[in-house]
1. Looking at Glu131, Glu188, Glu147, which one is more than 14 Å from the ligand (Cβ to nearest atom) and charged (D, E, K, R)?
2. Is it the case that some residue within the range 79-90 is touching a residue at least 24 places away in the same chain (Cβ under 8 Å), β-branched (Val, Ile, Thr), within 15 Å of the ligand (Cβ to nearest atom) and open to solvent by 30 Å² or more (accessible area, probe 1.4 Å)?
3. So, restricting to strands (runs of 3 or more DSSP E) that lie completely within the range 121-161, which ones have at least 1 residues that are open to solvent by less than 90 Å² (accessible area, probe 1.4 Å) and of a type in the set (Ser, Thr, Tyr)?
4. Considering Gly202, Gly234, Gly217, which residue is of a type outside the set (D, E, K, R) and on the phi > 0 side of the Ramachandran plot?
5. If the requirement is being assigned to a helix (DSSP H, G or I), away from the ligand (no atom under 13 Å from the Cβ), crowded, with 23+ Cβ neighbours inside 10 Å and within 23 Å of the chain's Cα centre (by Cα), which of these qualifies: Ala172, Ala165?
6. For the structure I just gave you, tell me whether Asn48 is within 16 Å of the ligand (Cβ to nearest atom), surrounded by fewer than 21 Cβ atoms within 10 Å (Cβ to Cβ), within 19 Å of the chain's Cα centre (by Cα) and in contact (Cβ under 8 Å) with a residue 40 or more places away in the chain.
7. Quick one: in the range 56-70, of everything that is surrounded by 17 or more Cβ atoms within 10 Å (Cβ to Cβ) and within 20 Å of the chain's Cα centre (by Cα), which residue is farthest from the ligand (Cβ to nearest atom)?
8. Kindly evaluate Pro100 against the criterion of being assigned to a loop (DSSP other than H, G, I, E, B), closer than 30 Å to Ala300 by Cβ and open to solvent by less than 10 Å² (accessible area, probe 1.4 Å).
Amino acid sequence: MDKLLVTGPHRLEGTVKVSSAKNATLPILAAALLFETPVRLADIPKLNDVSTMLKLLESMGLKIERSGKDITIDASHVSNLVADYALVKTMRASVLVLGPMLARYGKAKVSLPGGCAIGARPVDIHLSGLEKMGAKIQIEQGYILAECERLQGANLTLSFPSVGATENLMMAAVYADGETIIENAAREPEIVDLANFLIHFGVSVEGAGTSRIRIVGVSPQKKYSAPKPYRVIGDRIEAATFIIAGLMSNSHIKVTGFEPWTLDSVLETLEKMGGKINRLADGVEVLPSGRLKGAVIETAPFPGFPTDVQAQMMALMCLCDGNSVITEQIFENRFMHVPELARMGCKISLKGNAALIEGVEALSGAPVMCTDLRASAALILAALQAKGQSEIQRVYHLDRGYEDLEAKFKGLGAKVERVK
Ligand code: EPZ
């Protein structure tokens, strides 16, 4: 297994451009199942989760052509309406093939995604929405069996603004009979990007980014097409990771390739802590801001503070003046980075879903272990500022969601080496 050797503390400088967003790419790849005509996507990030999704689509009979980072997907002959446990268990976003499969073929067999390191991650909100649209759903031997002659448009109200459920139901609504309204829909920028992708193909979608999304269904025989390739939005979570790295090292860097509005809550929190950040058209400029002061935050659905930036923010708070509190409201087990950060000298105590962080003067390098994708990022951020060398193990977690992370950090002057 690969590991990263990181030597700190080290200031950063220069500009880094983030890749396309993993959490927009995955639903958009699943949405390719909806269309007979080829789907062209530009500049798709080379991530393990993206390869897993592409493998899943190929296992269903879709043809995938790659040229560099551009891909063309031909879903004209889907031969296998089964999303196998072997693939689904490695990546929960595989469940996003359920809605489009049901919409276009009236049938789907998708392995229950099962939990993952950060929580149980049920799909009850996905399934109850599909049932309200007329799908017959059974759970048998760990598989979701769904059938429906043709889905009916419906007025749905989600019990929680689940990102995945909103995406699955948006895709299911594309060929439903009549219009579908999704109330209490997730508002994440990745939802807006999925909507823009569907609109790019001619689908009528309104309200994405608000709590009320309206989709007008058409007959499955409708031949949607899109002449030009679609470019996915920049990865705001990757951007937040670099912005926090810049602030932790009192550096002057630019982070580009994303839209600043997608990180409003993070940028506002960092500015309240004393971070000096200039917004640019395609990113932000981070200015040397010295030692920041702690804050009290809690994660929430967009536009609240994103749970995917919680671990990275905790790493920063370890080196702030004073105490901070982070309450994790989205996932039930998303503090696995805490014991690993403590090995570098961080002072963090947990009480239920709240973490109390006491700022310390300095951190010291140590061997640490990645446990999940965003926890891995937090460990790198801490290691970049810790005195001496850190050895970060199990970086396969990182490779799921960050493209060329060590190369990007090296490009900013950091001392990061990957060793086999
Ligand atoms: C998406 O996961 C993201 N993944 C996650 O990013 C992100 O943390 C999450 O949204 C929240 O923003 C992708 O987009 C591929 P949810 P998703 O459905 O769709 C509960 C990363 O690091 N819930 O909004 O699974 C669920 O258990 C990943 O990139 C139900 O109870 O998130 C969780 O506690 C991690 N029933 C909460 O809602 C359901 O049917 C949020 O889940 C669905 C969800």
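The values are calculated or read from the model by the stated rules, or taken from the named source; none is laboratory data. Just so you know, these numbers come straight off a predicted model, no measurement behind them. All Cβ positions, glycine included, derive from the backbone under ideal geometry; neighbour counts span all protein chains shown. Remember, those area values only see protein heavy atoms, side chains included, never the ligands or the DNA or RNA. Shrake-Rupley method; radii C 1.70, N 1.55, O 1.52, S 1.80 Å.
1. Exactly one of Glu131, Glu188, Glu147 is more than 14 Å from the ligand (Cβ to nearest atom) and charged (D, E, K, R), namely Glu147.
2. There is at least one residue in the range 79-90 that is touching a residue at least 24 places away in the same chain (Cβ under 8 Å), β-branched (Val, Ile, Thr), within 15 Å of the ligand (Cβ to nearest atom) and open to solvent by 30 Å² or more (accessible area, probe 1.4 Å).
3. 143-147
4. Going through Gly202, Gly234, Gly217 in turn, just one is of a type outside the set (D, E, K, R) and on the phi > 0 side of the Ramachandran plot: Gly202.
5. Exactly one of Ala172, Ala165 is assigned to a helix (DSSP H, G or I), away from the ligand (no atom under 13 Å from the Cβ), crowded, with 23+ Cβ neighbours inside 10 Å and within 23 Å of the chain's Cα centre (by Cα), namely Ala172.
6. In short, yes.
7. Taking the candidates together, the pick is Leu57.
8. No.
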